[in-house]
Amino acid sequence: MKKLFSISLIALVAMLFVGCAPMSKDSYMKQFGKLMDEAASVYSSCTESEWANITEDYEKFAGEYYDKFEKELSTSEKLTVVGYEAKMVGYAAGRGISTLFSGEDEK
């Protein structure tokens, strides 16, 4: 049941992000925050495919969308984005450690 919920939540978030590229700096920051909340809640339990989708969305926000809004971002907002980068590194490391200790092969 928990796994079904995670899959449903990831699918919903992915649909929202695919069709809803941020149109303003504020929507960019809000959507990026929601993506990071999602990553935090599922990074240790989602499949490789689900994690790949989250990573792909993250890369859009950290790259393409960031470039679009960078000049509008305050110093505080830029630091928030840097914090998101650090969190993603941590989540990826956590997934690697989890795989190592569970004895699963990386895919």
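The values are calculated or read from the model by the stated rules, or taken from the named source; none is laboratory data. The structure presented is a predicted model; accordingly, all values stated were derived computationally and were not measured. No Cβ is skipped: glycine too gets one built from the backbone with ideal geometry, and neighbour counts run over all protein chains shown. The area values use the complete protein model at the heavy-atom level, side chains included, leaving out ligands, DNA and RNA. Shrake-Rupley method; radii C 1.70, N 1.55, O 1.52, S 1.80 Å.
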Self-check item: residue 46 accessible area, assembled protein chains, probe 1.4 Å, Å²
Solution: 10 Å²
Self-check item: With DNA, RNA and ligands ignored, accessible area of residue 70 (1.4 Å probe; Å², nearest 10)
Solution: 70 Å²
Practice problem: Would you tell me the accessible area of residue 25, worked out with a 1.4 angstrom probe on the heavy atoms of the protein chains, in Å² to the nearest 10? | Solution: 50 Å²
Practice problem: Count the net charge of all other residues whose Cβ sits under 12 Å from the Cβ of residue 74, scoring Lys and Arg as +1 and Asp and Glu as -1. | Solution: -1
Quiz prompt | Given charges at Cβ of Lys, Arg, Asp, Glu: the range 36-90 dipole, positive-most of 76, 51, 41 | solution = 76
Practice problem: May I ask you to rank 36, 29, 23 by accessible area, largest first, using a 1.4 Å probe over the protein chains only? | Solution: 23, 29, 36
Quiz item: Tally Lys and Arg at +1 and Asp and Glu at -1 over the other residues with C-beta under 11 Å from the C-beta of residue 55: what net charge comes out?
Solution: -3
Quiz item: Where the centroid of each part is defined by its Cα atoms, how far is the range 81-97 from the range 21-47 in Å?
Solution: 13 Å
Quiz item: Between residue 40 and residue 67, what length comes free when the chain is fully extended (0.36 nm per residue of separation minus the Cα-Cα distance, one decimal in nm)?
Solution: 7.3 nm
